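**Student:** Here it is, the structure in full.
The values are calculated or read from the model by the stated rules, or taken from the named source; none is laboratory data. Bear in mind that the values here come from a model prediction, so they are computed numbers and not experimental data. Virtual Cβ from ideal backbone geometry, glycine too; neighbours counted across all protein chains shown. Heavy atoms of the whole protein, side chains included, go into the accessibility calculation; ligands, DNA and RNA do not. Shrake-Rupley method; radii C 1.70, N 1.55, O 1.52, S 1.80 Å.
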Amino acid sequence: MKSLFSIVTLSVLLVGCGSSQKSNKTSTKVVDPTVYAQTITQQDLKTALYQFASDDFEGRETGTEGQKKAVQFLKDHYIKYGVPAAKSDGDYFQDVPLKLQSKPDVSLNINGKALKSLEDFVSINAMETSTLKATDIVNLGYGIEDDKYTNYDNVDIKGKVVFFISGEPKNSDGTYVISGTDKASDWSNFRQEFALKRDLAEKKGAKAVLYYNPDVFAMAALRFGTSSGRMSLAGKGKDMFYFLVNTETVKAIFNKDVRDFDTSFKNETVKANLDLDFTNNSKAFSSENVAAIVRGTEKPEEYIIISAHLDHEGVKDGEIYNGADDDGSGTVAILEIAEAFAKAKKEGNGPKRSIVFLNVTGEEKGLLGSMHYTDNDPIFPLANTVANLNIDMIGRIDPKRKTGDRNYIYLIGSDKLSTELHDLSESVNTKYTNIELDYTFNADNDPNRFYYRSDHYNFAKNNIPVIFYFNGTHDDYHRPSDTPDKIEYDLLENRTRLVFYTAWELANRDKRIVVDKAE
């Protein structure tokens, strides 16, 4: 792929997003980013994706030989494009220590009744081998703490075993107490309440949580009853037992059925002898993130991170899950963007701020690679990270879209933390790519909870502004049929250029964007 460039020398400032300026004594240097965006082409994206999402990579499941081939593929391309490793030791690979989960050996006895694993309770957390004894259990009802309703008044749960149920309280007219409407809050949202209630109890120091949710118990028993490829970050097991419990466990504690509870109470402590022995049967292994960088010319200690996950579902029942869209499309997009920035840098037109290209592992296993980067081992300080642009599935068309043309992209999160980021994104698109920016899944009450389901979220939770670029799901999502021949390469090209232009503007504006919506 050949490179073109154009440098226009002006005596006045160029106004408009997407321009970078560098002053000297006689003139102002203005760089046209479209020159470098044009190096991002359908053909190059297609060539790379047909390799990356081929059967040779065996579905790129985390920790497998296919995934090892994938990270080598990425490293080779960064070297080819002249993009250095992000780590100071020159290694493109960031080791991500993991554990492959297996069903633990658990003995749980409450008030003299021996309870059965996977029938009466399911262990959720990847705890280390441990024991626990207790003589009482705090019944927290719904386990909620909110301005309009709380189960935590006048109770200290530090070091305690706590019990709560799914759902949230309603008024006599059937509306929800917290929302004041007929719409439930996050406290009983299927995708959100599980983590909200657990994390609140953990924050308050609970030693163990017993959570009654009959709607998900059978599914949890199936998922957590075998290894099934479940993984966690090594050393990230929570210091708190967390069990989903069934009706027999509830009866053992309270000597009555949940249906007989008066859930209007705030909390109560009941006498209950609990004896627990827990043996973790997990096995340690490792995977890798791949990280490269084009260092900034004026503000090299400020970083824009462009991310995509390199892993997919692997091989199941003899069929290869190639993951061309999810997330081969985002992965090859990053490579093309990296090449474009590297060309700009080589020709003396590098970005003012540093651009980090982060290909993360273990996304399909729980956002593990990005979590390791943000929570355990950030290569660059999070405080100096200006924004994260995350690309996860940008090569297809959502068949459920009912309005607009095919030239669209879903944007998620652009306005969650920074007004400036959202406005910048909009203006960049208007100036350069003219894609329909669809915010359907950006709503706070989006039932799909996509904002929480890709790697950008690990940056957002650290108050780093994010944009998640996404084309939506389709019939081939997480199926062997997600193959490179089904990618819309003209759309992939235009969407990749949008990310490039947005990164260019973020990197070259005078001041870093302001976080004005952090919680």
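**Student:** Beyond 17 Å, what percent of the Cα pairs of the range 337-379 remain?
**Tutor:** Value for the range 337-379 (Cα pairs over 17 Å): 47 percent.
**Student:** Would you kindly calculate the mean projected area, averaged across all directions, of the convex hull enclosing the Cα atoms of the chain, in square nanometres?
**Tutor:** 25.9 nm²
**Student:** Roughly what % antiparallel, to the nearest 5, for the DSSP beta bridges in the chain?
**Tutor:** Bridges in the chain that DSSP calls antiparallel: roughly 60 percent.
**Student:** Another one. What's the percent breakdown of Cα-Cα distances in the range 104-145 across 5 Å bins, shortest bin first?
**Tutor:** 5, 15, 22, 26, 22, 8, 1
**Student:** With every protein chain left in place, what is the accessible area per residue of the chain in square angstrom, probe 1.4 Å?
**Tutor:** 42 Å²
**Student:** Which log10 I(q)/I(0) values does the range 79-131 give at q = 0.15, 0.20 Å⁻¹ under the Debye formula, counting every alpha carbon as one identical point scatterer?
**Tutor:** With no solvent term, the Cα-only Debye profile gives -0.61, -0.83.
**Student:** Let me ask another. Which translational diffusion coefficient, to the nearest whole µm²/s, is obtained for the range 345-485 from the Stokes-Einstein equation, given a Kirkwood hydrodynamic radius over C-alpha pairs, 20 °C and 1.002 mPa s?
**Tutor:** 129 µm²/s
**Student:** Explain nothing, just the number: relative contact order of the range 204-306, from Cα pairs under 8 Å at least 6 residues apart, as a whole percent. Let's see the in-between values first.
**Tutor:** Values: 43 pairs, mean separation 27.4, N = 103.
It rounds to 27 percent for the range 204-306.
**Student:** Roughly speaking, what % of Cα-Cα pairs in the range 313-421 are separated by over 25 Å, rounded to a whole number?
**Tutor:** More than 25 Å apart: 37 percent of the Cα pairs in the range 313-421.
**Student:** On a straight-distance basis, which lysines could pair with LYS207 in a cross-link, Cα separation under 18 angstrom, same-chain partners fewer than 8 positions away excluded?
**Tutor:** LYS207 reaches LYS133, LYS158, LYS160, LYS197, LYS236, LYS238, LYS271.
**Student:** Taking the dipole about the Cα centre of the chain, with the C-beta of Lys and Arg at +1 and of Asp and Glu at -1, give me whichever of ILE337, TYR211, VAL161 is farthest to the positive side.
**Tutor:** Positive-end residue among those listed: ILE337.
**Student:** Oh, and also: For Cα pairs less than 8 Å apart in space and 6+ apart in sequence, what is the mean separation divided by the residue count of the range 373-462, i.e. the relative contact order in percent? The partial results should precede the final answer.
**Tutor:** Values: 55 pairs, mean separation 31.7, N = 90.
After rounding, I find 35 percent.
**Student:** Any chance you could count the Lys pairs in the range 378-519 whose alpha carbons are under 27 Å apart, treating pairs 8 or more apart or on different chains as valid?
**Tutor:** 13
**Student:** Please state, rounded to one decimal and in Å, the Kirkwood hydrodynamic radius that the range 200-293 gives when every pair of distinct Cα atoms enters the mean of 1/r.
**Tutor:** One decimal place: 16.7 Å for the Kirkwood radius.
**Student:** Still on this structure, please answer the following. Roughly speaking, what is the stretch gain from LYS113 to TYR452, that is 0.36 nm per residue apart minus the C-alpha to C-alpha distance, in nm to one decimal?
**Tutor:** So the extension gain works out to 118.2 nm.
**Student:** Suppose we look only past 17 Å in the calculated P(r) of the range 397-450. What percent of the Cα-Cα pairs does that tail hold?
**Tutor:** Details: 600 of 1431 pairs.
Cα-Cα pairs of the range 397-450 separated by over 17 Å account for 42 percent.
**Student:** Please report the relative contact order for the range 441-519, taking Cα pairs under 8 Å with a sequence separation of at least 6, and give it as a percent rounded to a whole number.
**Tutor:** 21 percent
**Student:** If you don't mind, there's one more thing I want to ask. When the Kirkwood radius is taken over all Cα pairs of the range 102-238, what Stokes-Einstein diffusion coefficient follows at 20 °C and 1.002 mPa s, in µm²/s?
**Tutor:** Calculated translational D: 130 µm²/s.
**Student:** Okay, next question. Using only the Cα atoms of the range 145-197, what semi-axes does the equivalent ellipsoid have when each is the square root of 5 times a gyration tensor eigenvalue? Give whole Å, largest first. The partial results should precede the final answer.
**Tutor:** Values: eigenvalues 97, 38, 15 Å².
Taking √(5λ) for each Cα gyration eigenvalue gives 22, 14, 9 Å.
**Student:** Run the accessible area of the range 358-416 with a 1.4 Å probe and give the carbon-and-sulfur part as a rounded percent.
**Tutor:** On the way: 920 of 1830 Å².
Of all accessible area on the range 358-416, carbon and sulfur atoms account for 50 percent.
**Student:** What does the net charge come to around GLN94 if you take all other residues with beta carbon closer than 10 Å to its beta carbon, with K and R at +1 and D and E at -1?
**Tutor:** Local net charge: -3.
**Student:** In square nanometres, what is one fourth of the surface area of the convex hull spanned by the alpha carbons of the range 255-350?
**Tutor:** Projected over every direction and averaged, the Cα hull of the range 255-350 covers 15.5 nm².
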